[in-house]
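Encoded as structure tokens, the structure appears first; notes follow it.
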Amino acid sequence: MEILIKASQFILSLSLLIVLHELGHFIPAKIFKTKVEKFYLFFDYKFSLFKKKIGDTVYGIGWIPLGGYVKIAGMIDESMDTEQMNKPPQPWEFRSKPAWQRLIIMLGGVTVNFILGILIYIFLMYGYGEKFLPNENLKDGVWVQDQLGKDLGLQTGDKILSVDGQTIRKFGELPLEFINGTNYTIERNGTVIEKVIPTDFISKLLDRDKNSGSFIGIRLPFVIAKIAEDSPNIKSNLKPKDIVTAINGVSTKYFDQAQVELEKNKGKKVNLTIKRGTENLSVPVKITANGKIGVAVGQLSLKDLEKLGYYQLAEKNYSFGEAIPAGTTKAWTTISSYVKQMKKIFTPSTGAYKGLGGFISIGSIFPAEFSWETFWNITAFLSIMLGVTNLLPIPALDGGHVVFTLWEMITGKKPGDKFLEYAQVVGFIMLIALLLFANGNDIFRTYFK
């Protein structure tokens, strides 16, 4: 059922984005009286699941869910219809239109993607507002429990002030900012320190075990979830939901502090100060030679942590007028972040190419439980991702066609049809190779890592 829910959301989101992207090409083509022969969701190699001709255009659904397309008469595209291109140009064909009209037609798809992303973020801001943990509210710094975080130069208790000179507003944005960034600033014991993010940081991040948590987290209290059956303290007064606040009188507000005190007292008997509801109790326990007390550690939600006074969350609601700039800013931030990630991917020394994912990766970001807020957030991101990716100057993508059209407009020389045919073939091969690599990464991460 979990896979079905994820897959359903993925197909719904992908279908919506493909139809609207292709509509972005379709509408200006019609405005400029250019014949559109096909409008397809998914690819229809050999046969279609559905098709119907209305006017000059065949509308249909293919059986290969790898995208979609509009077939515009007189345009060299993925259909590779060279027979049509060998005939004399007709006034309703793409190739007969002025360069500026062809440019608008080619930019229509990505324009829709960016507009869609902005609109979704605006309505999300208006409908749901923002709920987050401000980075500045981590008064006692972050928790670094992963070796990768330590290799990065972080220590538990560090307050992260900025990445690449930009102050981080939300704690949840920090991991992505480190992925995109080159340097960061922290405050450690009252001293401000500048540090460089290692070039191979992303490579190490991707090489970790897939079950590893985040390399950086918030500091959490020591909450007891369960007493182990083989615990030396099975008969003690410890109970689930108890919070350890001190060990032998030494304050342990956070679990990492409790770990230090337990390590110091290995093999000894100590008194734990326990918070149970509104009570504070003293419970004698035995610490094992490994520095454990034989309990499973639980976690609290951010809301519970706020109630206990650990963190102060922020919640902001927007009027529709306020949501417009807020949503636009969110979209622009997403675009710039994705462009940074693309640069990292095309820089081999970062190892970011190992994180390139295909359909499994995209599908996996949808949650197992359906939520409209989450669905639209992911759809907005994918729309922007599709827009940025399609602007890459690869011949088989919109960006490749845009480059050739701009060249024509600047030089006054139109590339020959044969050149465009060969460029389309090269671009298509590049896309297939990229697709195979991305989905190969997915398969490797899923089954072999």
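Okay, here's what the table says:
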item: 2 or more residues over 24 Å from ALA323 (Cα atoms): qualifying strands (runs of 3 or more DSSP E) within segment 120-188; result: 159-163, 183-188
item: Candidate set from segment 185-202 (those that are under 23 Å from the mean Cα position of the chain (by Cα) and among the aliphatic types (A, V, I, L, M)); member that is farthest from GLY153 (Cα to Cα); result: ILE202
item: Segment 270-284 residues that are free of Cβ contacts under 8 Å to residues at least 12 places away in the same chain, paired with ones that are open to solvent by 40 Å² or more (accessible area, probe 1.4 Å) (beta carbon under 8 Å, 6 or more apart); result: SER282/ASN271; SER282/THR273
item: Options LYS264, LYS275: the member that is among the charged types (D, E, K, R) and surrounded by 17 or more Cβ atoms within 10 Å (Cβ to Cβ); result: LYS275
item: Selection status of GLN166, within 21 Å of the chain's Cα centre (by Cα), free of Cβ contacts under 8 Å to residues at least 24 places away in the same chain and open to solvent by 60 Å² or more (accessible area, probe 1.4 Å); result: yes
item: Selection from segment 119-134 of residues that are out of contact with any strand residue (DSSP E or B) (no Cβ under 6 Å at 6 or more places or on another chain) and open to solvent by less than 50 Å² (accessible area, probe 1.4 Å); result: ILE120, TYR121, ILE122, LEU124, MET125, LEU133
item: Any hit, segment 343-352, residues being loosely packed, with under 15 Cβ neighbours inside 10 Å and of a type in the set (A, V, I, L, M); result: no
item: Unmet requirement for LEU176, which otherwise passes all of (1) closer than 19 Å to TYR311 by Cα; (2) in contact with a helix residue (DSSP H, G or I) (Cβ under 8 Å, 6 or more places away or on another chain); result: (1)
item: Residues (farther than 27 Å from SER96 by Cα and in contact (Cβ under 8 Å) with a residue 40 or more places away in the chain) located in segment 31-65; result: PRO65
item: Residues of segment 317-364 satisfying the condition of being at pLDDT below 80, closer than 26 Å to GLY67 by Cα and out of contact with any Phe, Trp or Tyr (no Cβ under 6 Å at 6 or more places or on another chain); result: ALA352, TYR353, LYS354, GLY355, LEU356, GLY357, GLY358, PHE359, ILE360, SER361, ILE362, SER364
item: Residues being among the charged types (D, E, K, R), closer than 27 Å to SER336 by Cβ and in contact with a Phe, Trp or Tyr (Cβ under 9 Å, 6 or more places away or on another chain) - total across segment 383-418; result: 0
item: Matching option when the condition is of a type in the set (Lys, Arg), farther than 19 Å from GLY399 by Cα and modelled with pLDDT under 90, among LYS30, LYS35, LYS51; result: LYS51
item: Members of segment 196-250 found to be surrounded by 12 or more Cβ atoms within 10 Å (Cβ to Cβ), assigned to a loop (DSSP other than H, G, I, E, B), of a type in the set (Asp, Glu) and at pLDDT below 90, listed by number; result: ASP200
item: Filter pass, ASP230 being of a type in the set (Asp, Glu) and closer than 29 Å to ALA352 by Cα; result: no
item: Neighbours by Cβ (under 8 Å, 6+ apart or cross-chain): first from segment 404-415, farther than 9 Å from ALA99 by Cβ and part of a helix (DSSP H, G or I); second open to solvent by 90 Å² or more (accessible area, probe 1.4 Å) and of a type outside the set (Asp, Glu); result: TRP407/LYS413
item: Residue match in segment 10-21 (condition: under 25 Å from PHE375 (Cβ atoms), out of contact with any helix residue (DSSP H, G or I) (no Cβ under 7 Å at 6 or more places or on another chain) and open to solvent by 60 Å² or more (accessible area, probe 1.4 Å)); result: yes
item: Qualifying position, being among the hydrophobic types (A, V, I, L, M, F, W, C), in contact (Cβ under 8 Å) with a residue 24 or more places away in the chain, open to solvent by less than 50 Å² (accessible area, probe 1.4 Å) and out of contact with any helix residue (DSSP H, G or I) (no Cβ under 6 Å at 6 or more places or on another chain), among ALA314, ALA380; result: ALA314
item: Neighbours by Cβ (under 9 Å, 6+ apart or cross-chain): first from segment 77-105, under 23 Å from PHE428 (Cβ atoms) and acidic (Asp, Glu); second assigned to a loop (DSSP other than H, G, I, E, B) and at pLDDT below 85; result: ASP77/ALA396; GLU78/ALA396; ASP81/MET75; GLU93/GLY74; GLU93/MET75
item: Considering residues of segment 389-398 that are touching a residue at least 60 places away in the same chain (Cβ under 8 Å) and not in a loop (DSSP other than H, G, I, E, B) only, the residue nearest to LEU17 (Cα to Cα); result: ASN390
item: Hits in segment 291-307 (condition: charged (D, E, K, R) and exposed (fewer than 12 other Cβ atoms within 10 Å of the Cβ)); result: LYS303, LYS307
item: Some residue of segment 38-46 being modelled with pLDDT under 85, among the acidic types (Asp, Glu) and part of a loop (DSSP other than H, G, I, E, B); result: no
item: Flag for GLY62 being open to solvent by less than 20 Å² (accessible area, probe 1.4 Å) and more than 23 Å from ILE120 (Cβ to Cβ); result: yes
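The values are calculated or read from the model by the stated rules, or taken from the named source; none is laboratory data. Here the structure is a predicted model, which is why all the values come from computation and not from measurement. Glycine gets a Cβ as well: all are built from the backbone with ideal geometry, and neighbour counts include every protein chain shown. Note: accessible area is taken over every heavy atom of the protein model, side chains too, but ligands, DNA and RNA are not part of it. Shrake-Rupley method; radii C 1.70, N 1.55, O 1.52, S 1.80 Å.
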